[in-house]
Amino acid sequence: APAPPPVIPPSPDIVAMRAALDGSRLEIEQAEATLRRRDLTSEALQDLRLRLDPVAERLREHIAEIDPKLEAARAQLAQLGPKPEEGAPAEGPEVARNRLERDALVGHLDEVNRLARTLLVQAEQLTSLISDRRRSAFASALFERSYSLVSPDLWLTVASSLPRDVRALQFQGENLWSRLESRSTPWVLTALGLAIGIGAALHIARRQLVPRLVHRDPTAAGISPFRKLLAALAILVVETVPAVAGSLLIYFAFNALDVLPRRLLDVADALLTGLVVLAFLQGLVQALFAPNRAAWRLIDVPDTVASSLFSLGILFGTVLVIGRTLDAVNQAIAAGLALTVATKGVTAVVAAGTLAVLLLRLAERSNDGDEACLGPYIPSGPAIAGPIRMVGWLLVGLAVAAVLGGYVAFASFLVDQIVWLTALAGLLYLAFAACDTFLGGTLRDNSRISTLLQTNLGLRRKSLQQLGVLLSGVGRLVLAIVATLLALAPWGIESGDFASTFRAAFFGFKVGDVTISLSTIIAALALFFGVIAFSRLIQRWLTGTFLPTTDLDAGLRNSVGTATGYLGFFAAAAAAFSYLGLSLEKIAIVAGALSVGIGFGLQSIVNNFVSGLILLWERPIRVGDLVVVGDGEGYVRRISVRATEIETFDRATIVVPNSNLISGVVKNRVRNDATGRVVLPVNVLRNQDPARAAELLLACANDHPDVLKEPPSRVIFKKIGDTWLEFDLVCYVDDVTKQLRVQSDLNFALFGTLVREGILPPLGPGAMNVGGLEPVQAALKQIADAIGAASPNAAPGSAVPAPVRASP
């Protein structure tokens, strides 16, 4: 019997990787065991999610490290070919040994790869399960029904539990006093007094710092957007930073000196945080609406609206701060459910009432313009006040209905979200304005940075403007994504959920043997455009440098340059398809299958499609060109892959198949130059001086402002007729669209000038002067005399008029 093949042990790298995977598996199993518990809070679930995310990331790194090694090992094994069949000559010992080693390496790598992928799927499933449980817990807590605010049972329960809550509050007060007495050393009292004094001074002094540090003159006019934005950002910083510093100083003093019990420390935290939120809201309203300073206002609203927003917005924030502080007090004294529900419900109702008063004020201010004007009021600004008021009333109605229906938690959450989303929208507006001003405006305007880029990099002004628009758009997109994540965070949707979805889309998933991923598509597009750019460089070098030095004619040089461009395109397409995993054999199979259908019934469609690609590639006509196709003339408005839309002068739209534009004759009036030529035929009497007539024609053309000086206008003496001298006045305009208007203006001017100079005499009413008919008149007179002499009844010297027939 043949000896069994020797067992080749795995390499140290594979052993170390297997040990790392065993550690990851242990962490995943521990997380899975923890997740089986049903009493996990939202914070515990979030901590478990944070423990799993690094494990999944390490597994992805292991897979990314193993995949290329596994592919290389399989490729090396494939180079050895299949094993010899039975009865065939045996392969050499070196080849057999190499085959055995490669086979073992593929087996070890494949085993580790499968284990890593299995663990990654398990970790991702646990992560998804954690997210589902957190959202489910959030929804159940948010929509949990309790007492209604108008329910008598609520207030009876509050009244019955009030003595116990008062005793609990007194106990906390006594506990606070005893803690202060036990820690009331001179050093502690001095440090605590300094911290409270400095913190309070910062909160109070910020109102005095704003006009001193940021001066906004109410009488100023013509303020640039850059100065407005800088002033708004400065006000927001000056209003918020001292409040944050003061609250942090007081909180850290309480925490470090340990003068407050833990529950009362949470109350102080809620109060200090509320003061910071209030200062931030005040600074944000001042930054955006600038009450009593219309020239500095970023959002254009009337002064009365700005004042109402400032006063009622601060009142709304104050109500929420008081409600949050009372809620913290209830938690500190372990108040009953009824008192907690009553506190949250009253806070939500008062906040909703304040918002309703603000909406009523806004409605009254918007109606002032309607009453002051004589006709119907038409707002000059963007019509966003109406939708905002509708959403505001909807939120007010939902909050009140939730409180009355017993869903107090949902009403409180809704009121908090109003403040959060409003502050987030204000910050997003400021961020958008800063992005447009600092990123886009710096490159669009004549700033030092744009001048420096133009000087050192040789960029054009238009390119800098396009770069500024692009940077501004990218910045807006990033800010919008961040704002969306922040807006969805309170609803239990976190950035990790979006990150996992984006990672799956970016790094791809397999369908058969093809991996579909955003990263692969982006890389393929980058490869395609890179090869295209390289081919364009070669084409430009051939047509501009090399081919002019050869003896080839112009037509052959053009054909070589065009063929180089097409070869570059096909090479770029082949490279991109190969990177995507689509081999040329598969593309040929698909093309062969499509050719059958094309041969049967898709000839015209494919013809128009290919013609559209040629139009988009070679661009013989472009959007905006003035073209003549058959009997139609107009502007190209749209070029698609099937047809082209042309708008005529009578506002009609002509849809022309692309094959007609490729195979037919198209006249493009503005292909290389938009200059138009105006030709006016002018006839003057033969007895006039032609030199004087030509001089008058040129003078009329040169006096018109739209007629170009270069090339100069000229008069062509075309023909000397029997009665008329025929001239053509030829002049040029800078835009072909001005031809008809300039032609009409010149006709009026030429007619007036020629009549005024007597070269073209005016005609009387009903009269026509025809010259050169004297011989005809003499012949008719002789005929009439002869007829009169031959008539016996005619008096001597009388003439019989002959009938005259007018020829058309």
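Quick notes on this structure:
- In segment 669-714, the qualifying residues are those that are assigned to a loop (DSSP other than H, G, I, E, B) and of a type in the set (Gly, Ala, Ser), and the one that is nearest to Leu754 (Cα to Cα) is Ser713.
- The residue pairs whose first member lies in segment 316-328 and is at positive phi and assigned to a helix (DSSP H, G or I), whose second member is surrounded by fewer than 21 Cβ atoms within 10 Å (Cβ to Cβ) and aromatic (Phe, Trp, Tyr), and whose beta carbons are closer than 9 Å, counting only pairs six or more residues apart or on different chains, do not exist in this structure.
- From the options Ala232, Ala205, Ala306, Ala243, residue that is in contact (Cβ under 8 Å) with a residue 60 or more places away in the chain and aliphatic (A, V, I, L, M): Ala232
- When segment 317-338 is limited to residues that are more than 20 Å from Val276 (Cα to Cα) and open to solvent by 30 Å² or more (accessible area, probe 1.4 Å), the one that is nearest to the chain's Cα centre (by Cα) turns out to be Gln331.
Matching residues to (1) at pLDDT 65 or above; (2) under 30 Å from the mean Cα position of the chain (by Cα); (3) within 23 Å of Leu613 (Cα to Cα):
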site	(1), (2), (3)
Gly530	yes, yes, yes
Gly544	yes, no, no
Thr550	yes, no, no
Gly561	yes, no, yes
Tyr566	yes, no, yes
Ala576	yes, yes, yes
Tyr579	yes, yes, no
Val590	no, no, yes
Leu594	no, no, yes
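- Filter result (among the hydroxyl-bearing types (Ser, Thr, Tyr) and either touching a Gly at 6+ places or on another chain (Cβ under 7 Å) or part of a helix (DSSP H, G or I) (or both)) within segment 33-76: Thr34, Ser42
- Boolean, Leu360 is touching a residue at least 12 places away in the same chain (Cβ under 8 Å) and among the aliphatic types (A, V, I, L, M): no
- Index of the failed condition, Leu260 passing every other in (1) among the hydrophobic types (A, V, I, L, M, F, W, C); (2) surrounded by fewer than 19 Cβ atoms within 10 Å (Cβ to Cβ); (3) assigned to a loop (DSSP other than H, G, I, E, B): (2)
- Residue in segment 351-363 that is of a type in the set (D, E, K, R), within 44 Å of the chain's Cα centre (by Cα) and open to solvent by 30 Å² or more (accessible area, probe 1.4 Å) present: yes
- Lone unmet requirement of (1) surrounded by 13 or more Cβ atoms within 10 Å (Cβ to Cβ); (2) within 17 Å of Ile605 (Cβ to Cβ); (3) free of Cβ contacts under 8 Å to residues at least 40 places away in the same chain for Gly634: (2)
- Residue in segment 737-747 that is in contact with a Leu (Cβ under 9 Å, 6 or more places away or on another chain), charged (D, E, K, R), surrounded by 13 or more Cβ atoms within 10 Å (Cβ to Cβ) and at pLDDT 85 or above present: no
- Scanning segment 95-148 for residues that are surrounded by 14 or more Cβ atoms within 10 Å (Cβ to Cβ) and among the hydroxyl-bearing types (Ser, Thr, Tyr) yields Thr127, Ser131, Ser146, Tyr147, Ser148.
- Residue list for segment 159-189, restricted to those being modelled with pLDDT of 80 or more and open to solvent by 80 Å² or more (accessible area, probe 1.4 Å): Ser160, Leu162, Arg164, Arg167, Leu169, Gln170, Phe171, Glu174, Trp177, Pro186, Trp187, Leu189
- For the residues Thr455, Thr451, Thr442, Thr437, the requirement of being among the hydroxyl-bearing types (Ser, Thr, Tyr), part of a helix (DSSP H, G or I), open to solvent by less than 40 Å² (accessible area, probe 1.4 Å) and modelled with pLDDT under 75 singles out Thr442.
- Residue count for segment 383-430 satisfying the condition of being among the aliphatic types (A, V, I, L, M), within 17 Å of Ala487 (Cβ to Cβ) and open to solvent by less than 30 Å² (accessible area, probe 1.4 Å): 7.
- When Glu726 is tested against the conditions (1) open to solvent by 50 Å² or more (accessible area, probe 1.4 Å); (2) not in a strand (DSSP E or B), the lone failure is (2).
- Residues of segment 496-524 classified as under 23 Å from Phe569 (Cβ atoms) and either at pLDDT below 55 or surrounded by 13 or more Cβ atoms within 10 Å (Cβ to Cβ) (or both), total: 4
- Residue check for Phe280: under 24 Å from Ala434 (Cα atoms) and either among the polar types (S, T, N, Q) or part of a helix (DSSP H, G or I) (or both): yes
- Condition check for Arg164: in contact (Cβ under 8 Å) with a residue 40 or more places away in the chain, over 23 Å from Asp269 (Cα atoms) and of a type in the set (D, E, K, R): yes
- In segment 640-676, residue surrounded by the most Cβ atoms within 10 Å (Cβ to Cβ) [restricted to those that are out of contact with any strand residue (DSSP E or B) (no Cβ under 9 Å at 6 or more places or on another chain) and closer than 15 Å to Ser611 by Cβ]: Ser659
- Candidates Ile250, Ile223: the one that is of a type outside the set (Asp, Glu) and within 35 Å of the chain's Cα centre (by Cα) is Ile223.
- In segment 703-715, residue most open to solvent (accessible area, probe 1.4 Å) [restricted to those that are closer than 13 Å to Val678 by Cα and either within 52 Å of the chain's Cα centre (by Cα) or among the β-branched types (Val, Ile, Thr) (or both)]: Pro712
- Single residue of Arg58, Arg38, Arg49, Arg25 found to be surrounded by 17 or more Cβ atoms within 10 Å (Cβ to Cβ) and modelled with pLDDT under 85: Arg49
- Which listed residue, of Val301, Val267, is at pLDDT 85 or above and either of a type outside the set (Asp, Glu) or not in a helix (DSSP H, G or I) (or both): Val267
The values are calculated or read from the model by the stated rules, or taken from the named source; none is laboratory data. As the structure is a prediction and not an experimental result, all values here were calculated from the model. Neighbour counts are summed over all protein chains in view; Cβ atoms, including those assigned to glycine, are modelled from backbone coordinates with ideal geometry. Side chains included, ligands, DNA and RNA excluded: accessible areas come from the protein's heavy atoms. Shrake-Rupley method; radii C 1.70, N 1.55, O 1.52, S 1.80 Å.
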